[in-house]
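The values are calculated or read from the model by the stated rules, or taken from the named source; none is laboratory data. Nothing here was measured: the structure is a model prediction, and the numbers come from that model. Positions of Cβ are backbone-derived with ideal geometry, glycine not excepted, and every protein chain shown enters the neighbour counts.
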């Protein structure tokens with residue numbers, strides 16, 4: 001059967017391949033999954049059950065999402081992101097992922113270039129490729145804490161450049177791009193009339209006095225920013241597949257043209273759950289953040305005990321970190337992770353999945369119980385020899 005070239009050129013996901021391989025073993029210490037291991041808060045579950053019992057979830061919603069949910073999102077964006085939004089500037093999506101994909105497809109034509117930092121979330125790269133665009137990877141400055149290379153971004157711009165796409169806090173590095181850097185990025189975007197597409201999935205999980213900054217809060221970026229958010233990380237709603245996108249009304253009109261054939265609308269039951277998430281108590285966010293801070297510090301402490309194997313940059317946000325594997329054994333991160341799984345029963349994600357400068361690294365997740373972190377590192381200390 002003929003297969004589209006744009007699909008053939010996409011490599012198999014190393015992230016999902018490691019998940020598949022890990023399922024073949026018993027008693028695995030999982031540090032590879034970027035999903036919360038806590039359950040969805042009970043008041044959110046109860047709201048979804050109530051919506052089912054009231055007969056509210058069996059049909060479609062309007063394609064842009066329930067008006068009640070969009071009104072709650074408006075309040076949240078103003079309160080937490082300093083973004084002034086109207087209902088017509090919002091689109092409820094199937095997680096952030098579908099919103100990001102629709103934004104990319106609405107922004108670029110075949111052959112257009114999208115600049116991304118490297119390393120970055122692998123799905124962003126694939127979304128550009130599926131839109132027949134060209135990902136242009138600009139390395140982050142690892143020796144400066146995975147800082148944005150703004151000069152490198154300027155140098156990468158060509159007449160074919162249409163957009164810049166990033167996530168902050170970052171998957172996989174845990175970097176929180178500071179306001180000062182994003183202000184300069186905004187200047188670059190405005191000068192060259194580029195669209196900035198943001199993935200702000202980990203917006204609430206920042207540590208050590210760092211602050212999350214939404215580039216769409218800048219009034220001058222109104223026509224040049226598409227901001228994607230999700231309930232997945234904030235409220236431990238991975239399986240609910242619900243997120244939202246904010247952009248200028250003119251841009252939303254175009255993105256919705258992609259959203260409708262891809263999705264029609266986000267799952268209605270998940271939209272009612274999302275309303276409850278925004279209206280209900282927010283204590284769970286603080287509880288999650290406190291847990292992630294504790295497990296981050298534990299993971300850093302355990303990595304210090306394996307300094308002959310790994311070096312690392314302490315993540316300022318998210319619940320992910322991206323240690324460098326020292327020596328020749330890190331030159332093939334996929335083989336390194338498969339061997340670690342087979343011989344030590346520890347599941348990690350190969351860094352090669354996250355862009356060309358991801359090689360020689362692995363991604364570790366600390367959104368897990370402390371016991372999981374300790375079990376994984378006990379095994380690695382035995383495997384590598386402390």
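Annotations for the structure displayed:
- Count of residues meeting criterion [surrounded by 22 or more Cβ atoms within 10 Å (Cβ to Cβ) and either touching a strand residue (DSSP E or B) at 6+ places or on another chain (Cβ under 6 Å) or part of a helix (DSSP H, G or I) (or both)] in segment 109-124: 7
Residue-by-condition table, conditions (1) touching a helix residue (DSSP H, G or I) at 6+ places or on another chain (Cβ under 8 Å); (2) surrounded by 14 or more Cβ atoms within 10 Å (Cβ to Cβ); (3) part of a helix (DSSP H, G or I):
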| position | (1), (2), (3) |
| --- | --- |
| 2 | no, no, no |
| 6 | yes, no, yes |
| 11 | no, no, no |
| 20 | no, no, yes |
| 26 | no, no, no |
| 34 | no, yes, no |
| 38 | yes, yes, no |
| 43 | yes, yes, yes |
| 47 | yes, yes, yes |
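- With respect to the conditions (1) out of contact with any strand residue (DSSP E or B) (no Cβ under 8 Å at 6 or more places or on another chain); (2) surrounded by fewer than 24 Cβ atoms within 10 Å (Cβ to Cβ), residue 233 lacks only one, and its number is (2).
- Pair list, Cβ under 6 Å, 6 or more apart: segment 354-381 residue free of Cβ contacts under 8 Å to residues at least 40 places away in the same chain, other residue assigned to a helix (DSSP H, G or I): 359/333; 359/351; 359/352; 360/330
- Set 353, 348, 344: member being in the same structural domain as residue 32 (by TED's automatic domain parsing), at pLDDT below 95, surrounded by 15 or more Cβ atoms within 10 Å (Cβ to Cβ) and touching a helix residue (DSSP H, G or I) at 6+ places or on another chain (Cβ under 7 Å): 353
- Residue in segment 57-66 that is in the same structural domain as residue 218 (by TED's automatic domain parsing), buried (at least 16 other Cβ atoms within 10 Å of the Cβ), on the phi < 0 side of the Ramachandran plot and not in a loop (DSSP other than H, G, I, E, B) present: no
- Matching residues in segment 283-312 - criterion: being in contact (Cβ under 8 Å) with a residue 12 or more places away in the chain, out of contact with any helix residue (DSSP H, G or I) (no Cβ under 7 Å at 6 or more places or on another chain) and part of a loop (DSSP other than H, G, I, E, B): 308
- Qualifying residue in segment 85-100 (condition: within 28 Å of residue 261 (Cα to Cα), surrounded by fewer than 19 Cβ atoms within 10 Å (Cβ to Cβ), assigned by TED's automatic domain parsing to the domain that holds residue 341 and touching a helix residue (DSSP H, G or I) at 6+ places or on another chain (Cβ under 7 Å)): no
- Against the conditions (1) over 20 Å from residue 314 (Cβ atoms); (2) surrounded by fewer than 18 Cβ atoms within 10 Å (Cβ to Cβ); (3) in contact with a strand residue (DSSP E or B) (Cβ under 8 Å, 6 or more places away or on another chain), residue 210 satisfies every one except (1).
- Within segment 127-144, considering residues that are out of contact with any strand residue (DSSP E or B) (no Cβ under 9 Å at 6 or more places or on another chain) and in a helix (DSSP H, G or I), the one surrounded by the fewest Cβ atoms within 10 Å (Cβ to Cβ): 143
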